[in-house]
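Here the structure is laid out as C-alpha cells; the discussion comes afterwards.
The values are calculated or read from the model by the stated rules, or taken from the named source; none is laboratory data. This is a predicted model, so every value here is computed, not measured. Every residue, glycine among them, receives a Cβ derived from its backbone with ideal geometry; neighbour counts consider all protein chains shown. For accessibility, only protein heavy atoms count, side chains too; no ligands or nucleic acids. Shrake-Rupley method; radii C 1.70, N 1.55, O 1.52, S 1.80 Å.
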Amino acid sequence: MARHLITSAIPYINGIKHLGNLVGSQLPADLYARFQRARGNEVLFLCATDEHGTPAELAAAKAGKPVAEYCAEMHAVQSGIADGFRLSFDHFGRSSSEQNKVLTQHFAGRLADAGLIREVSEKQVYSNTDGRFLPDRYIEGTCPNCGYDKARGDQCENCTKQLDPTDLIDPRSAISGSTDLEVRETKHLYLCQSQMKDQLEEWIDTREGWPILTTSIAKKWLTDGDGLQDRGITRDLAWGVPVKKGTEDWPGMEGKVFYVWFDAPIEYIAAAQEWVDAGKGTDWERWWRTDKGADDVRYTQFMGKDNVPFHTLSFPATILGSGEPWKLVDYIKSFNYLNYDGGQFSTSQGRGVFMDQALEILPADYWRWWLLSHAPESSDSEFTWENFQTSVNKDLADVLGNFVSRVTKFCRSKFSEAVPEGGAYGPREEALIETLSTRIRAYEAHMEAMDVRKSAGELRAIWVAGNEYLQDAAPWTTFKTDPEAAAMQIRLALNLIRLYAVLSAPFIPDASAQMMEAMQTEDDSWPDDVPGALQLLTPGHAFTVPDVTFRKISDEEREGWQEQFSGIRS
Ligand SMILES: [Zn+2]
C-alpha cells in the first residue's frame, strides 16, 4: 500500500472563491485523493484557509467585525462550500491556528540559528491617525506622472507607472483618508534566499518527472538578473503570527508579525497537526518527518501556475534552511487559468460564477464533471454556458444517466427488481469485456499521472462502450425470441452500473453513491479483474430503480443563467 500526502493551495480568507479557483487546485486535488483511496492506498489530504495579512484586516474592517471573528466566520463559510462540492479533505485547517503559530516561530528560529535571517532597516510610511504603518498599496495620492488622483503607493492604475509612496503628491491613508502621515524607520527580518541558491538548484535537479513548465519557472527565478533575492518575512501589522525566535522573544521585533507568505505554506504541516488534535488522526509526523516514518510518503501539491515559484523556491527554502528532516514535495501539479465567457473570472470585480452560486443552481456533480473534463491543463480554458449545457446533457444525462435508467427500468418491467439468471456470454460480451479492460487500464494510468482531461475522456469512453453494447445487444428485442439471452445481457448491464459507480466516484461522488445504493451493494472494490467485477452482482440480488441520476439543462435555464451571471456580483 502506497502512502500519499496531498495538499491543495490554500484559499485566501477574504471571500468566496469562483469556479476558476476551484478547478485550479482544490478540485483536481480531490480527484486524485479519491482515486488513490479507491485504489486502496493510504491518503492524507489537507487544505486550509490562508488567514493572515492586510487584506483580511481590511475585509474585516469593511464587515465591521474584529478580524479574528471575521476569519472564523469566513472559514466556516468556505468549509461549508467545500463540503457542498464534496471536497474530501481529511482536514480543512486554518493558518491562524495555534499549531501554525508555534511551527512558524520554530522555523524562524531554526533559520536564524542557521544564519539565514538578517535584519534590515527600512523607511516606511506611518499613519498617526490609524496608528500603524501602511503597506505601499494602502497609501493613495496624486500620480506625479499623469495627475490621476487615486494612484496607489506601489503603482498608478491610470498610467501604470511603478511608484514609491514618497513619489505621490498629497499622500493619504487609503484606510482612513488621513493625511497625517510620516516616514519612520522600521526594522524587518529578511530570509537569505540568495545564500540558498545552489542548494535549491541541486534539489530541483533531483526532482523526477517534473513538467518542463514547472522547472523552467523555478530556474528562471533562480538565475534571472541578480538571481534569487532575499525576501522580507516580517510586517508591521497586528494580525498575524507574532515574531519570535522559536519560543524566545526577538529583540527589536516586538509588535511585529511574520509576513503572510512565510506562515501560509507552513500551514500545510500545521494542518496535519490540527488533524491529529481534532481527533481525526493519531500521528502527523509519519506524514511530515522523514526521520519518523515519512520516508515512503509521496507528496503531491496542486496549485495554479502563479503559485509555482513560491512552492518550488520559497517554501523549500524554509524547509531546507531549517536543517531538519521535513518532507519535501515530490510532484507539483499546476494549472493554467479558466476564463469566463469571453473574459476572466475576477474575485475583485465579482465576475463569473462563484462557488456558493453554483451550488444554488445545480448539484455539485454537474460542476465537478464539467470543470474536471475541461481542466485548464496544457493551456487556459474557457467556461461558456453553451458548452456546460452540452457537456452535462450529453455526457451525464444521455450517456451515463440514460444507461442506468434504461437498464433498471427494463429489468423491472420484464423480469423483476432482482438480477435475472440464465444465459451465457457470447462474442459480443467477450468483446465488450476486452474493450473495457483496455480502457480501464488506460484510465488508471491517466489518473495516476494526474492527466485530468485525459482521465475524463477515458471515463466517458467507458460509459459510451456500455451504451453501445446495450444498443447493439438490444435486450428489449432479444427478450421476445430468447429471454435467457436477454437476462444475461441485463445481468451484465446491471453489473456495469456498479462498475461505473466505482470508476466514476472520483469525478461524480454523489451520483456514484446513488448508483451503489440503487444496486444495493457496498462492494466498491476496484476492478483489477474486469471479468470478475462484472459478475459481482449474482442472480437474485435485489436492486431498485433510482430516481433521475442526471437531469438535462433546458435552453431556457441556460439563457436565464447567462443573463443572471452576465453582470457583476455585488
Ligand atoms: Zn499616473
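Observations
- Condition met for S373 (at pLDDT below 95, under 27 Å from I568 (Cα atoms) and either in contact with a Pro (Cβ under 6 Å, 6 or more places away or on another chain) or not β-branched (V, I, T) (or both)): no
- Cβ-Cβ contacts under 8 Å between residues 6 or more apart (or on different chains), taken from a first residue in the range 128-147 that is farther than 15 Å from D167 by Cα and of a type in the set (D, E) to a second residue that is in a strand (DSSP E or B) and more than 9 Å from the ligand (Cβ to nearest atom), are listed as D130/S173.
- Scanning the range 462-482 for residues that are crowded, with 17+ Cβ neighbours inside 10 Å and without any contact (Cβ under 8 Å) to a residue 24 or more places away in the chain turns up just one, T478.
- Selected residue (criterion: most open to solvent (accessible area, probe 1.4 Å)) from residues of the range 178-214 that are of a type outside the set (S, T, Y) and part of a loop (DSSP other than H, G, I, E, B): E208
- The range 394-423 residues that are within 15 Å of Y469 (Cβ to Cβ), paired with ones that are in a loop (DSSP other than H, G, I, E, B) (beta carbon under 6 Å, 6 or more apart): V404/T549
- Unique match (being among the small types (G, A, S), open to solvent by less than 30 Å² (accessible area, probe 1.4 Å) and without any contact (Cβ under 8 Å) to a residue 12 or more places away in the chain) among G321, G343, G352: G343
- Number of the exception - Q229 against (1) outside any helix (DSSP H, G or I); (2) of a type in the set (S, T, N, Q); (3) closer than 30 Å to Y70 by Cβ: (3)
- In the range 125-162, the residues that are surrounded by 20 or more Cβ atoms within 10 Å (Cβ to Cβ), part of a loop (DSSP other than H, G, I, E, B) and within 16 Å of the ligand (Cβ to nearest atom): C143, G153, C156
- Residues that are of a type outside the set (V, I, T) and closer than 15 Å to Q564 by Cα within the range 356-382 comprise D356, Q357, A358, L359, E360, L362, listed in sequence order.
- The range 559-570, residues that are more than 18 Å from I16 (Cβ to Cβ) and open to solvent by less than 40 Å² (accessible area, probe 1.4 Å): G560
- One residue stands out in the range 163-172 among those that are modelled with pLDDT under 90 and assigned to a loop (DSSP other than H, G, I, E, B): the one that is nearest to the ligand (Cβ to nearest atom), namely L163.
- In the range 26-108, counting only helices (runs of 4 or more DSSP H) that sit wholly within it, the ones holding 2 or more residues that are farther than 23 Å from A449 by Cβ span 54-63, 67-84.
- Odd one out for S194, checked against (1) within 16 Å of the ligand (Cβ to nearest atom); (2) within 24 Å of L222 (Cα to Cα): (1)
- Some residue of the range 266-279 being in a helix (DSSP H, G or I), surrounded by 22 or more Cβ atoms within 10 Å (Cβ to Cβ) and among the β-branched types (V, I, T): yes
- Screening the candidates I175, I217 for the property of being away from the ligand (no atom under 16 Å from the Cβ), surrounded by 17 or more Cβ atoms within 10 Å (Cβ to Cβ), more than 30 Å from K101 (Cβ to Cβ) and touching a residue at least 12 places away in the same chain (Cβ under 8 Å) yields one hit, I217.
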